[in-house]
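Working notes for the structure below.
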Amino acid sequence: MIKKLNYLWVAALLVAGACKKDNDEPATGTTSLVPFFTQLKPGNYWIYERYQVTPSGTATPLGIFDSCYVENDTTIGNRVYSTYVAPSSPGTGLTITYLRDSAGYLIDEQQNIYFSATDFTTIYSDEYIFSGVDTVARVTTQMADKDLQISVPAGSFGTHNFRKRYEMFPPYTTAGTIRDQNVRYGGGVGKVEERLPFFASNPDYVDRRLVRYHVQ
C-alpha cells in the first residue's frame, strides 16, 4: 500500500497497523494473552513521564506527565471495544482509540493491528510514505523484543514490543537510516514505554515511561 503524504511529521501520519480478517474470538481450547498484556478494562489508568532520548540512549526527564485511561466500553458494528484515551502528540488534545481482542490480536474498528503476544513473525504492515515526489521512508510493523526486561520509574517489567520501523530514504537519512518507534507492553500492566511521533530531521526521540498505574 502506498500513501502520498505532504508532511514530515513521520510517525504521526502513518496508518497504525495492518488489516486482518476478523476471526472473532480464539479457537476453542486456546486462551488469548492480549487482555493480560493490554489491561483494557474501564477505569484502568496509566501515568507516564516524557523523556527526551538521544540516539546513544541518554534519557532526560522533561517534567511532562501524560494520563492515559480506559474510559468505557462501546459497541461498534455489534462488537464491543474498549475506549482508550491518551494525550495527542503533537498538540494538547486527546486521542481516542477503540480497541478489542480478536483471535489473539489487538485491533481497532478498522481492523488495524496494534499488538500480539504470540505472533512475532508476521509483518503486519508494509508501506511507503512520501513528501511531494520524494520517498521519505518504508515503514513496517512487527512484534519484536520478546520478553525484554526494561526499567522505568514504575519498576522493572518483562515486555513485548510492537515495533514500527522506518527505513529512511535520502535526503531524510541525516538523523539515521533505521529508526524504530517502539510500544512496549508488560504482562499484567499494559503499556510500559511508548515512543512518540518524531521529526525526520531530529535524531532525538521522546518516550513516555510509566510512573504509576492502576489496573483491575
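Some points to look at:
- Search result, residues across segment 141-164 that are open to solvent by less than 70 Å² (accessible area, probe 1.4 Å) and acidic (D, E): D145
- Whether a residue is acidic (D, E), open to solvent by less than 50 Å² (accessible area, probe 1.4 Å) and more than 16 Å from the chain's Cα centre (by Cα) was assessed, and E127 passes this test.
- Of all the listed residues (Y105, Y51), the sole one being under 25 Å from S201 (Cα atoms) and either of a type in the set (A, V, I, L, M, F, W, C) or in contact with an Asp or Glu (Cβ under 8 Å, 6 or more places away or on another chain) (or both) is Y51.
- Residue within segment 120-129 that is modelled with pLDDT of 95 or more and of a type in the set (D, E, K, R) present: yes
- Counted as qualifying within segment 84-172 are the strands (runs of 3 or more DSSP E) with 2 or more residues that are over 14 Å from F37 (Cα atoms) and not aliphatic (A, V, I, L, M), namely 94-102, 125-131, 134-152, 155-168.
- Complete set of residues in segment 175-189 that are closer than 13 Å to G158 by Cα and in a loop (DSSP other than H, G, I, E, B): G187, G188, V189
- Scanning segment 37-71 for residues that are assigned to a strand (DSSP E or B) and open to solvent by 60 Å² or more (accessible area, probe 1.4 Å) gives Y45, Q52, T60, P61, L62, I64, F65, Y69, E71.
- Leading residue by the ranking (surrounded by the most Cβ atoms within 10 Å (Cβ to Cβ)) among those in segment 165-191 that are closer than 18 Å to A59 by Cβ and more than 17 Å from the chain's Cα centre (by Cα): A175
- Hey, L5 more than 20 Å from the chain's Cα centre (by Cα), at pLDDT below 95 and surrounded by 13 or more Cβ atoms within 10 Å (Cβ to Cβ) or not: yes
- Filter pass, D134 being farther than 18 Å from R50 by Cβ, out of contact with any strand residue (DSSP E or B) (no Cβ under 7 Å at 6 or more places or on another chain) and loosely packed, with under 14 Cβ neighbours inside 10 Å: yes
- Subset of segment 72-111 [open to solvent by less than 20 Å² (accessible area, probe 1.4 Å), over 19 Å from G43 (Cβ atoms) and in contact with a Lys or Arg (Cβ under 7 Å, 6 or more places away or on another chain)]: I107
- Positions within segment 199-216 being at pLDDT 95 or above and open to solvent by less than 30 Å² (accessible area, probe 1.4 Å), in sequence order: Y205, D207, R208, L210
- Counting residues in segment 112-123 that are in contact (Cβ under 8 Å) with a residue 12 or more places away in the chain, touching a Gly at 6+ places or on another chain (Cβ under 9 Å) and open to solvent by 40 Å² or more (accessible area, probe 1.4 Å) gives one or more.
The values are calculated or read from the model by the stated rules, or taken from the named source; none is laboratory data. Treat the numbers as computed from the prediction; the structure is a model and nothing was measured. When we count neighbours, we look across all protein chains shown, and the Cβ atoms used for this are built from the backbone with ideal geometry, even at glycine. Ligands, DNA and RNA are excluded from the accessible area calculation, which covers all protein heavy atoms including side chains. Shrake-Rupley method; radii C 1.70, N 1.55, O 1.52, S 1.80 Å.
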